[in-house]
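Working notes, structure below.
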Amino acid sequence: MEKERLESGLNENRRKFLSRLSLGIGSVALGSLLIPDLFSGKPGPDTDRLMSGVPHFAPKAKRVIYLFQNGAPSQLESFDYKPLLNRRVGEELPESIRMGQRLTGMTSGQSSFPLVGSHHGFRQYGQAGAWISDLFPYTAKIADDICIVRSMHTEAINHDPALTFFQTGAQVGNRPSMGAWLSYGLGSENSNLPGFCVLLSRGKGNGQGVYSKLWTNGFLDSVHQGVQFSSGD
């Protein structure tokens, strides 16, 4: 009995303690490298096969495909029916509408600002009676399956601040883009591939591109930055 007590005491000296401590810390470090989410307190694909980086609730959306047509048809020729404007075509723009707003470079040389309405007809479709232009007969067939938002507006009168506002919610840069917020809210099932990817298409001619500040992560973590897919090798 005395011999066992003596051996136990010898095993609990400072050298043994530091040796075991270094081995334990090394094991923790190795585990965190092999399985990044092992000690994060969050479920992940390497722990129990659940999504990594998700919020405290289970999001219903699995993925989001967001198409932004820079330079698309006017709202007056698509989904924004304005019968009063069509009746007043050719009349001068009322001062109550312009309210002293500065002119763009394209209209700075004009002395007159006549109203212009839609060149195409509109009809109501679906149970909600959505107004859709005759230019979109196939879209009209799925009127009850899409959401048309007509309440958005901006004070910007030029392309650049309007584009930035549409993508980030602000007319100035350095704000998180829509894709960055979706990445932040939904998380990613894969820790080795980007959760937010960007595809660009300039088309033929001198089309306007969508530049990098429109898919930035802003003040969010850089993991939510959009990754552009290249068209080359």
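The values are calculated or read from the model by the stated rules, or taken from the named source; none is laboratory data. Quantities reported herein were computed from a predicted structural model and do not represent experimental measurements. Using ideal geometry, Cβ is built from the backbone for each residue, glycine included, and neighbour counts are taken over all protein chains shown. Ligands, DNA and RNA are excluded from the accessible area calculation, which covers all protein heavy atoms including side chains. Shrake-Rupley method; radii C 1.70, N 1.55, O 1.52, S 1.80 Å.
Each peptide in 158-170, 188-200, 92-104 was scored by the mean count of other Cβ atoms within 10 Å over its residues; highest first, the order is 158-170, 188-200, 92-104.
Taking the Cα centre of the stretch 78-208 as reference, the dipole from Cβ charges on Lys and Arg (+1) and Asp and Glu (-1) amounts to some 200 debye.
Shown are 132, 65, 146, whose ranking by accessible area with a 1.4 Å probe and every protein chain present, most to least, is 65, 146, 132. For the stretch 123-232, the alpha carbon convex hull comes to 180 Å³ per residue, rounded to a whole number.
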